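Q: Could you have a look at this structure, given as structure tokens, before my questions?
The values are calculated or read from the model by the stated rules, or taken from the named source; none is laboratory data. This one's a predicted model, so the numbers in the text were calculated from it and none came from an experiment. Note that each Cβ is placed from the backbone with ideal geometry, even for glycine, and that neighbours are counted across all protein chains shown.
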Amino acid sequence: STPAPFSPLYWTDITGGVPGPATSSNFTPSSPDIYTLRYTAPITGNCPADIEDIIITVFDQPTAIISTDDPNNTICDGDPINLQFNLTGSANYIVDYIDANSGPQTVTLNAAGNDLTNSPIQIFPTIGPNLYTITNITDGNSCSNTAQPNVVVTVVMQPNAGNATATTVCSDDFTIYN
């Protein structure tokens, strides 16, 4: 409930253990940390002052770097490839990404960047460049971040040397065989 009488002048940051200067009721933390704010309701009439402390824990925003288990992000058609996630924040993570072929995807990942059975996230890109973009990450602290990178996976066609067949040719046959 809102303290009465309410005034932003009655807030102080006591994080260091000693009341600091008055702070606004719109507290803006300077960095991730645990902060203690005190509201002091002044004496009114015959009623004594009242003091309430609140503890605010501020976490870093989570981040995710997406890559694959192929160092060049290039595979031949039909080869397996897995997405890799380098994550910061607090596990477990909910990662939303756009798969170039199957659209929006949501996966829950552990601290190692694997699914909850500890398996990597396998993808099945098609021939050509395939863009995979993280659109949001939410960590175990319920902190979210939408500013994330992407990875392009390029799939090239398998080489084809033709069919293995035997052909009989006469010595005076000048036909070109493909």
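Q: Does L116 meet the test of being modelled with pLDDT of 90 or more, under 30 Å from V58 (Cβ atoms) and not acidic (D, E)?
A: Yes, satisfied.
Q: Now for a separate question. Could you tell me which numbered condition V153 fails, if it satisfies all but one of (1) touching a Cys at 6+ places or on another chain (Cβ under 7 Å); (2) not in a loop (DSSP other than H, G, I, E, B)?
A: (1)
Q: Would the range 60-72 turn up any residue that is out of contact with any helix residue (DSSP H, G or I) (no Cβ under 7 Å at 6 or more places or on another chain), modelled with pLDDT of 90 or more and either over 30 Å from N130 (Cβ atoms) or of a type in the set (F, W, Y) (or both)?
A: Yes, the range 60-72 contains at least one residue that is out of contact with any helix residue (DSSP H, G or I) (no Cβ under 7 Å at 6 or more places or on another chain), modelled with pLDDT of 90 or more and either over 30 Å from N130 (Cβ atoms) or of a type in the set (F, W, Y) (or both).
Q: While we're on this one: Just the residues that are surrounded by fewer than 17 Cβ atoms within 10 Å (Cβ to Cβ) and either modelled with pLDDT of 95 or more or in a strand (DSSP E or B) (or both), please, taken from the range 128-149.
A: G128, P129, L131, T133, T135, N136, G140, N141, S142, C143, S144 - these are the residues of the range 128-149 that are surrounded by fewer than 17 Cβ atoms within 10 Å (Cβ to Cβ) and either modelled with pLDDT of 95 or more or in a strand (DSSP E or B) (or both).
Q: A further question on this structure: Do we find that Y93 is modelled with pLDDT of 80 or more and closer than 23 Å to T133 by Cβ in this structure?
A: yes
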